[in-house]
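The values are calculated or read from the model by the stated rules, or taken from the named source; none is laboratory data. It should be emphasised that the depicted structure is a prediction, and the values quoted were computed from it without experimental measurement. Note that we place each Cβ from the backbone using ideal geometry, even for glycine, and neighbour counts take in every protein chain shown.
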Amino acid sequence: MFASALLIGAGRMSDDAEDATRRLKLKLALEDLREMKGSGTELVTIIIPPDRQVSDARQMLQNEHGQAANIKSKGTRKNVQASIESAISALSKYRSAGERGIALFTGAIIVGNNKTRHMTMVIDDPPKELLSFRYRCDSVFELTQLEDMLIDKKSYGLFVIDRAEAAYGIASGKRIHVQEFLVSNIMGKHRQGGQSAQRFERLIEEAAHKFFKRATEHACSYWLPELENIQAIIIGGPGATKDFVVKNDYFHHEIVKKIASVTFDVGYSNESGVRELVDNAGGLMGEIELDAERKAVTEFLAELIKQFPKATYGEKMIRQALEQGAVSKLLISESMRKNVVEIECSSCSNIWNASIGRRDALPACPKCKTDGDGLKELSSKSIIDEFTELAMKSRSDVRFISVDSEEGAQLSAGFGGLAAVLRYPIM
């Protein structure tokens, strides 16, 4: 079951951390659900919003079970009824749909070589409310409502400009998208023969005006359809041009209402300048997680190189630090896909734990080297769940770091996706 956030003792994560945990768990669940396929219409999806009674959903499934008896194909009939029975059984554990609703997925999924395996997954603590009731039998699961929960609609418009070039785009969640880079082609300082200084200066200013108008019109046309979700428009550039463009009404009047009162100096007015603008305006962009990620990883890296570092990384060292209550801030890469699995060997009865990828084969017994069918998986828990629960016990701050930033990619590739800033150095 896709369990809700766990409360342990007096420790509890902040609301933001709990929401981040829900979002990441949903992301991982959706990765698995997207890959699951069934034969015919044998996979059952049932979505129950918080205002719908679970008992009504169970009654509907009982009726559907009776209707499934009319399916002509014996194999399909058997699998559909088995799926509905599994759904009824899973829902019997719930008195209500909770604050945000329940999503249930069950059925015989294809696992290769003409074989199927029955699975049931329940998401009972999604990050947002499920909006509408849904029941569906198909060869794939219905995931639309859950997919929508992962779309981060809050964003910031980004615009950098000088007299030579301009670029604009948008930052949403942890991603920066540069929509367009424009070049002005304004003439240089040396005038051509036969032109007076005044006429030449006027031509340059006319060309500059046309460029400023073209760049801002392109940017406004891009932002206006998304204006409802844009928190602010951030303006930057290497010189005074950025302030001139803001003060002289080049932007659409609706865009003007969203322009931040502070502009930022950046080295370039191209894609690099847009990314530098995000770095410089990080404090202003409080809703965007990108800057918070960069600072968290940078803090860890800065601590790591000290003589007595209050930092550590790697699964073994971080588990030890968490158990000691030494972790102040735990950094977990969103690329983390490992589970801690308890395994029993049928040959020598050895029981041990191993950290493996979610789809990796069980490792051979460390005592007698038995592998394959001679091994039994007793339990499995994702490292994300295990370490989050340990962090909650010691009141550690948990940060999930994407791989979309340079710092996030470094955490994933260079430190195994796990790092921690400590309360005190440990040996």
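Hey, can you tell me all the residues within the range 221-241 that are more than 22 Å from N280 (Cα to Cα) and touching a residue at least 12 places away in the same chain (Cβ under 8 Å)?
Result: Y222, L224, E226, L227.
Might you let me know whether the range 346-363 holds any residue that is on the phi < 0 side of the Ramachandran plot and crowded, with 21+ Cβ neighbours inside 10 Å?
no
If D148 satisfies every condition in (1) surrounded by 17 or more Cβ atoms within 10 Å (Cβ to Cβ); (2) assigned to a helix (DSSP H, G or I) but one, which is the exception?
It is condition (1) that D148 fails.
Determine which single condition I343 fails, assuming it passes every other condition in (1) in contact with a Leu (Cβ under 7 Å, 6 or more places away or on another chain); (2) surrounded by fewer than 17 Cβ atoms within 10 Å (Cβ to Cβ).
(2)
Assess whether I102 counts as being in contact (Cβ under 8 Å) with a residue 60 or more places away in the chain, of a type in the set (A, V, I, L, M, F, W, C) and either under 25 Å from P127 (Cα atoms) or crowded, with 19+ Cβ neighbours inside 10 Å (or both).
no
Could you list, in sequence order, all residues of the range 390-417 that are out of contact with any strand residue (DSSP E or B) (no Cβ under 6 Å at 6 or more places or on another chain) and either under 23 Å from V341 (Cβ atoms) or in the same structural domain as S272 (by TED's automatic domain parsing) (or both)?
L390, G416
Since T76 meets every condition but one in (1) closer than 30 Å to M149 by Cα; (2) not in a strand (DSSP E or B), which condition does it not meet?
Here T76 meets the rest and fails (1).
Those residues that are farther than 25 Å from D360 by Cβ and either within 17 Å of the chain's Cα centre (by Cα) or of a type outside the set (A, V, I, L, M, F, W, C) (or both), I need them from the range 416-427; list them, please.
Of everything in the range 416-427, those that are farther than 25 Å from D360 by Cβ and either within 17 Å of the chain's Cα centre (by Cα) or of a type outside the set (A, V, I, L, M, F, W, C) (or both) turn out to be R423, Y424, P425.
When you check V403 against the structure, is it touching a helix residue (DSSP H, G or I) at 6+ places or on another chain (Cβ under 8 Å), among the hydrophobic types (A, V, I, L, M, F, W, C) and either surrounded by fewer than 16 Cβ atoms within 10 Å (Cβ to Cβ) or modelled with pLDDT under 90 (or both), yes or no?
yes
Here are the criteria: (1) closer than 21 Å to E31 by Cα; (2) at pLDDT 95 or above. Tell me which single one L330 does not satisfy.
Every condition holds for L330 apart from (1).
Kindly state which strands (runs of 3 or more DSSP E) lie completely within the range 340-415 and contain at least 1 residues that are under 18 Å from the mean Cα position of the chain (by Cα).
375-382, 397-401
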